[in-house]
Every structure is written in structure tokens, then in C-alpha cells.
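See below for the structure under consideration.
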Amino acid sequence: MDTAEGRTRASLRDRMGYRFDRTLARSTGTLMGWLVVTCLAVVVPVSALLVWTDPGSPRSVSGRLAAAWRTSAETLRLGTATGTPLRLVLSAVLGLVALLCVSTLVGVITTGLAERMAELSRGRSTVLEEGHVVVLGWSDQVTTVVGELAAARAPHRPRAIVVLADRDKVGMERLLAAHVPAAVRDLIICRSGPAGDPDMLALVSPRTASTVLVLPSAGPAADAEVLRTLLALRAVLGEGADGPPVLAAVRDDRYRAPARLAAGAQGTVLETDTVTARLIAQCVGRPGLSLVLGDLLDFAGDEFHLADATAFRGSTFGATLLGHPGSCVVGLLTPDGRTLLNPPAGTAVAPGGRLIVLARDDDSTRVEDCGHLVDPSVIVSAPCAPDRPARLLLLGWNRRAPLVVDQLRRAARPGSVLDVVTDSAVPGPRQPEPGEGAPSDRDVRFRSAALSRPETLLGLDLTPYDGLVVLAPDQDGGPDHPDDWTLVTLLALRLLEERTGREVRLVTEIIDDRNRPLAPVNTGSDVIVSGKLTGLLMAQIAQNRHLAPVFDELFSAEGAGVSLRPAGGYVLQDAEATFATLVAAAGERGECAIGYIRHDARTGSATGPGIRLNPPKAERRVWNAHDLLVLLATEPSTASAPAGPVDPADTAPAP
């Protein structure tokens, strides 16, 4: 019985609530009516109770009713006129009209402010800046580019950095704020919209910008989007207009020529995949090179600058190497704009030319002869032994893999071999069976294996190899988290090293910089974050576009590049000498010494800050057999590889 009554009461309550909800949902007038009834039901009784409990209230009933009306009218803002019923009605009407007008005005103002705030939050207002940097598009390089540009501008007069991308404005601002110094966070301006829309481009005022950067997205049509953005930028700036310098990045070499045309005469176009492939190939056999290049490209320490060459007019490049106590000379910028990186020592310094130097800033490039700091008695005259042929193993395959293979072939010594093991079947020269004889000169051979299975990785024989390269899967069409596969592969290789007791030099590619500390690699390995180093490179060129040829040669397979060589090949082992002595020793061999990596004489491991770029020429220390000298050197040509990237379908061994 009690249960039935409970169900009846609950059903009745539900029905009453349902009818009330339906009544409120009918119209705004119904809602206002219920609001009036509710207010009167509360205000009138409470006002009457206040009057009847007030000792000073009128004695008569009519007087008390009039006092209760005035209290209720004041509460509801309906006016306080008393008298005949007509006066009361007119007073209430005036109060309601006044209330309606005021509430309508407040509503209009509130709605307008809300719409304006929503418009601002969407990032659709025009940027009124001059001399700012415009970054168009969003990719994994954007945080690095913006962070480095902010760091480069922090000591000088601050200028705004404006980012336009088809993403949420608030989300962009929060992400970028975590990568820039607190002092310049207010200079980061984000606008939301497609960068390929001319109307959206006009919002960021590209005409008055100092530089415009165009970044490729992570999607499959990234390069086509870059071309569209460049064409939209041209439409906004106008044909033949003297706009700001444009720096764009594409992933595929086939899009570079159209992008250069769309970027205009002041445009510079980088190929991100080519830069990454060159970096991976250069780091093979040179442990620590990725850290050196990262230190060289960021704005936290020393970077490349252009210095006045007036003091060396009529002299040679070799004479400039010891002409700056606080900077390292690495090349020449000729009067006609040509860049000569590590030219022969006898190259003349032409009038109107400039020096390319590694320095802290422009103020640290003062001229002073440092020849008196050189101690010729400790310089080693015998040249360093050439690199021996190597056998390398490459695990994995992505869109950059043909470029990596091509770069490795170009830099290979005669007799070198590269074995490629991939998850999918890649047509190419098969790996010879045991007993078939040695592979031919500079061979590249392909083999398929289920690399996604840990037992396959643990079954690899690493004994014949001098180095390993692990490539991350493509984000397009590959796993959602490509770094997870890379980390599993590195764990398996680490376990193999522990089983065999032999460490193998390894170069691995990581997509997300946050995963770099997770990579389980030994001390002789390099972890390359492709997007970060490309972003650093773009930030450097954005600051000084004259340095674009310098970095292009640094990351090429030919010409001058960064090398790491034992310091004992230049000065006597355990001898005390100044850094100027090593600069002179390197200069005699046609190389530019720009720093060193300090190692412990007993353990051979890096100590203290490790990498030391651009030390003072007067710095003295004892150089042991484990110290490495950081050089800009021109490697001799070792292979006549084809000009284009390697096609895995080509079944002929490398020449």
C-alpha cells in the first residue's frame, strides 16, 4: 500500500514538473508571466509582514496597505505613487515600461559586448603592427620557430610575432606561451583562419612586416597548401610590389621550383625532408654532431653573423682566422652576394666583402691579431687518418628514406655497405646469402622483415655493423603515434647491446621533441628531432636571409660541413695550448676550428658543459686523446653518386 502511494505521489510530481516545463517552453511571455507571479507571491506578503511588524507603521488598515504597496513598489521598481486605484495602475505601468527599457538597453549592450568578445576570441581583428614577423600555417616547427624568434629579439627592441593558422586562437596562444620567455609573451599575436585566404592574410598586415614565414602542415597536401599560401600572399602584396622577404618550407623537392616562383625575388625556399636526410647522414659515425648543430642553430649561444672586413682589405682568408679574439671566421660574403664557406686560405678578401663569423653577437666581432697566442711547438704536422669503409644498418622506411640512402651513398668511403631492413617489401638489391662473396663497392641492399614484432628486432645480428640508423614511420598513413614504434625499436636494440656487451653507434629520428628524453640510447648515439632542427634553421634564416647559402652548404653532402675530429690529430696529446693554436693547426690543413667537445681523460665521456663553441682564442687547456675538435671542413669527394635521390626500385648496386 505504501509502495503504491509512493508511486502515485512520484507520478503526480513528475506530471506537475513536466507541465511546468512545457509551460515555460511555450514563449518568452509565459516565462515573464511566471516570473511576475513568483515575484508578487514573495514580495507582497513579505512587504505586508514588514509593515505590520513595524511599531511606527500607520494605525489604520488603509495606511498600512499603502505602506505595504510603497515597499513592494520600491522593491519591484514600479513607482511609489499612492492614491486612487487609477494612480496605482498608472504608476505600475510607468515602472514596467521603465524596467522594460532599462533591461532592453542592458541586454543590447551585453549582447554587443559578448559578440565583440567572441569575435576577438576567434582572432578576426586586424593587426596594426609594423616591422613584425608573420608566421603563416601550423606545423611541428611552429613552437621552435616562434620561441627562437622571441629569444633572438628579446635583448633588442621587441617586435611582435604574428601567427595566422586555421586553429583555435586561445589554444594557439596557450601552446606558444609555454615556449617563449615570459618577458615577450605579450608580443605573440595569434589570428585564426586559413592562411591561403587573401581576406584572412590581410588581417596580419603582411605589407608592413619585416619577414613572412610559411610553414608546411602535417597533412598529405602540405606542399600544395604552401603554394596556395604563397599565391594568396602575392595577391595581398600585389604584383611587383616591394614586399617583405619570404621564407617558405616544402617537404618534397618537386614543389621547390614552383614555391620559389610563387615566393618572388626576395623568397627563400627550404626542403625540410632534404635537410633532415642530410642531418641524419652526417651524424652517422659522428656521435654528438646533432647536439653541436643544435647549439649552432639556436639563439641561446653563439650563431653566425656577418662582420665588417675592412681591416683585412687586400689580405687573404687565411689571415682572418686569427684576427678576432672573440669570434671564429668561417667564410666570406663577396661583394656580388656569393657565399664562400671555408674557402682556400689564399682567397683574397675583396673590397666591399664581409666576413662570415661565429660570434655571440655583432658587438663581439672586434678585430685584434691573435698570432702571438699560437705555440707552433705543440702543433702536429701529420694529417689525420682518413675514415675507413663502414657497414651500416638502416631500420624502417618513410618518405625521407630515399634521401637518407642517397646522402649516405654520397658520403660513403669505397668498400662501404648499407643494409636496409623494412617492414614492407621495398624492391632493391637483395642481401647476399652467406658464402656468396663480398658485396660490391658502396652497396645498398634491401630486405623485408616484420620490424613491428619485438622478436624480429631481438633476432638481429649487430656484430658486422659499425652504425645503425632508425627512421620513424610517416605520420601520414602510418601509426597515430610514430614515436612509440621508434621507442620500442630502441628498447630492443638496447637489450641486444646488453646481451652482446657491444655498443653500436646509433642515429635515430624522433618526431615529437617531448619524446627525446625517453629515447633509450647509449652515449655514443644521436637523437634527431627533425621538426625542431628545421625550425631552428628557419629562425636563423629569418633573422638574416643572407645566411641561407651558408646553411645550405652546411647540410649538403658536398662542400664544407661540420666535422668532429680528435684534438690529438692537431696538437700533441696531453699538451697545454691555447685555442688559437688549434685554430692555426686547422688552418694549415684548410679547415676552420670553431670549438671543441671536452671529454674526461680517464673515462672518455663528456664532462662539464661538454660542447664549447667559439671559445676565446686565449683560452688555455690540456688537450687529451678523447677531446674532439669541432671543425668546418671540406670533405674530399668519395663517390660519384647520381644527383637525384636513390630509388629503391633501382635494382643495380651503387656504383
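Restricting ALA450, ALA472 to those that are over 30 Å from SER139 (Cβ atoms), in contact with an Asp or Glu (Cβ under 8 Å, 6 or more places away or on another chain), part of a loop (DSSP other than H, G, I, E, B) and modelled with pLDDT of 80 or more reduces the list to ALA450. Beta carbons closer than 6 Å, at least 6 apart along the sequence or on distinct chains, never pair a first residue in the stretch 232-261 that is more than 21 Å from ALA222 (Cβ to Cβ) and among the hydroxyl-bearing types (Ser, Thr, Tyr) with a second that is crowded, with 20+ Cβ neighbours inside 10 Å and modelled with pLDDT of 90 or more. Just checking, does the stretch 125-137 include any residue being of a type in the set (Ser, Thr, Tyr), at pLDDT below 90, part of a loop (DSSP other than H, G, I, E, B) and surrounded by fewer than 15 Cβ atoms within 10 Å (Cβ to Cβ)? Looking through the stretch 125-137, at least one residue is of a type in the set (Ser, Thr, Tyr), at pLDDT below 90, part of a loop (DSSP other than H, G, I, E, B) and surrounded by fewer than 15 Cβ atoms within 10 Å (Cβ to Cβ).
Of all residues in the stretch 526-545, which are in a helix (DSSP H, G or I) and within 17 Å of VAL133 (Cα to Cα)? Spell out the reasoning first.
Step one: filter the stretch 526-545 for residues in a helix (DSSP H, G or I), giving 530-543, 545.
Passing the criteria: GLY535, LEU536, LEU537, MET538, ALA539, GLN540, ILE541, ALA542, GLN543, ARG545.
Residues of the stretch 314-347 that are of a type in the set (A, V, I, L, M, F, W, C) and closer than 19 Å to GLY371 by Cα: PHE317, ALA319, LEU321, LEU322, CYS328, VAL329, VAL330, ALA345. Among the residues of the stretch 265-286, is any crowded, with 23+ Cβ neighbours inside 10 Å and either within 20 Å of GLY371 (Cβ to Cβ) or in contact with a Cys (Cβ under 6 Å, 6 or more places away or on another chain) (or both)? There is no residue in the stretch 265-286 that is crowded, with 23+ Cβ neighbours inside 10 Å and either within 20 Å of GLY371 (Cβ to Cβ) or in contact with a Cys (Cβ under 6 Å, 6 or more places away or on another chain) (or both). Of all residues in the stretch 621-637, exactly one satisfies the criterion of being loosely packed, with under 15 Cβ neighbours inside 10 Å and at pLDDT 85 or above, namely VAL622.
So which of LEU408, LEU403, LEU393 is surrounded by 20 or more Cβ atoms within 10 Å (Cβ to Cβ), modelled with pLDDT of 90 or more and either part of a strand (DSSP E or B) or not assigned by TED's automatic domain parsing to the domain that holds ASP253 (or both)? Before the answer, list the steps.
Working: LEU408 fails: modelled with pLDDT of 90 or more; LEU403 fails: modelled with pLDDT of 90 or more.
None of the other options fit; the residue is LEU393.
Yes/no matrix, rows are residues, columns are (1) touching a residue at least 60 places away in the same chain (Cβ under 8 Å); (2) not aromatic (Phe, Trp, Tyr):
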site	(1), (2)
GLY294	yes, yes
ASP298	yes, yes
PHE304	yes, no
ALA350	no, yes
LEU355	no, yes
ALA359	yes, yes
ASP363	no, yes
ILE379	yes, yes
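One residue is enough: does the stretch 222-236 have a residue meeting the conditions among the acidic types (Asp, Glu), assigned to a helix (DSSP H, G or I), within 21 Å of the chain's Cα centre (by Cα) and closer than 22 Å to LEU537 by Cβ? Reasoning before the result, please.
If we filter the stretch 222-236 for residues that are among the acidic types (Asp, Glu), which is where we start, we get 223, 225.
If we keep only those that are assigned to a helix (DSSP H, G or I) too, we end up with 223, 225.
Checking which are within 21 Å of the chain's Cα centre (by Cα) leaves us with 223, 225.
Narrowing further to those that are closer than 22 Å to LEU537 by Cβ: 223, 225.
Within the stretch 222-236, one or more residues are among the acidic types (Asp, Glu), assigned to a helix (DSSP H, G or I), within 21 Å of the chain's Cα centre (by Cα) and closer than 22 Å to LEU537 by Cβ.
Among residues of the stretch 327-346 that are farther than 15 Å from SER556 by Cβ, those with a beta-carbon under 7 Å from a residue that is assigned to a loop (DSSP other than H, G, I, E, B) and of a type in the set (A, V, I, L, M, F, W, C) at least six positions away or on a different chain give the pairs VAL329/LEU321; LEU332/VAL349; THR334/ALA350; PRO335/ALA350. So which residues in the stretch 150-176 are assigned to a helix (DSSP H, G or I) and modelled with pLDDT of 85 or more, if there are any at all? Answer for the stretch 150-176, where residues must be assigned to a helix (DSSP H, G or I) and modelled with pLDDT of 85 or more: LYS169, GLY171, MET172, GLU173, ARG174, LEU175, LEU176. Whether a residue is under 25 Å from VAL146 (Cα atoms) and either at pLDDT below 80 or buried (at least 20 other Cβ atoms within 10 Å of the Cβ) (or both) was assessed, and GLY524 does not pass this test.
Condition test on SER210, is it crowded, with 19+ Cβ neighbours inside 10 Å, touching a Lys or Arg at 6+ places or on another chain (Cβ under 9 Å), in contact (Cβ under 8 Å) with a residue 12 or more places away in the chain and small (Gly, Ala, Ser)? Don't jump to the end; show me each part of the working.
Numbers: crowded, with 19+ Cβ neighbours inside 10 Å: no; touching a Lys or Arg at 6+ places or on another chain (Cβ under 9 Å): yes; in contact (Cβ under 8 Å) with a residue 12 or more places away in the chain: yes; small (Gly, Ala, Ser): yes.
For SER210, the condition - crowded, with 19+ Cβ neighbours inside 10 Å, touching a Lys or Arg at 6+ places or on another chain (Cβ under 9 Å), in contact (Cβ under 8 Å) with a residue 12 or more places away in the chain and small (Gly, Ala, Ser) - is not met.
Between ASP223, ASP166, the distinction of being among the charged types (D, E, K, R) and surrounded by fewer than 19 Cβ atoms within 10 Å (Cβ to Cβ) belongs to ASP166 only.
Looking at the stretch 320-340, is at least one residue among the charged types (D, E, K, R) and either closer than 15 Å to ILE594 by Cα or not in a loop (DSSP other than H, G, I, E, B) (or both)? First the steps, then the outcome.
Taking the stretch 320-340 and keeping what is among the charged types (D, E, K, R), we get 336, 338.
Those left that are additionally either closer than 15 Å to ILE594 by Cα or not in a loop (DSSP other than H, G, I, E, B) (or both): none.
The answer is no, given that none of the residues of the stretch 320-340 is among the charged types (D, E, K, R) and either closer than 15 Å to ILE594 by Cα or not in a loop (DSSP other than H, G, I, E, B) (or both).
Close Cβ contacts (under 8 Å, 6 or more residues apart or on different chains) running from residues in the stretch 447-470 that are under 21 Å from VAL507 (Cβ atoms) to residues that are loosely packed, with under 13 Cβ neighbours inside 10 Å comprise ARG447/ARG430; THR456/ALA450; LEU462/THR500; LEU462/ARG502; THR463/THR500; THR463/ARG502.
Where residues in the stretch 542-556 are charged (D, E, K, R) and either in contact (Cβ under 8 Å) with a residue 12 or more places away in the chain or assigned by TED's automatic domain parsing to the domain that holds THR211 (or both), which of them is surrounded by the fewest Cβ atoms within 10 Å (Cβ to Cβ)? For the stretch 542-556, the residue satisfying everything is ARG545. Exactly one residue out of GLY314, GLY323, GLY294, GLY301 is assigned by TED's automatic domain parsing to the domain that holds ASP363, surrounded by fewer than 20 Cβ atoms within 10 Å (Cβ to Cβ), of a type in the set (Gly, Ala, Ser) and more than 24 Å from the chain's Cα centre (by Cα): that is GLY314.
Summed over the stretch 492-517, residues that are loosely packed, with under 15 Cβ neighbours inside 10 Å and hydrophobic (A, V, I, L, M, F, W, C) total 1.
The values are calculated or read from the model by the stated rules, or taken from the named source; none is laboratory data. None of the values given here were measured: they were computed from a predicted structure. Positions of Cβ are backbone-derived with ideal geometry, glycine not excepted, and every protein chain shown enters the neighbour counts.
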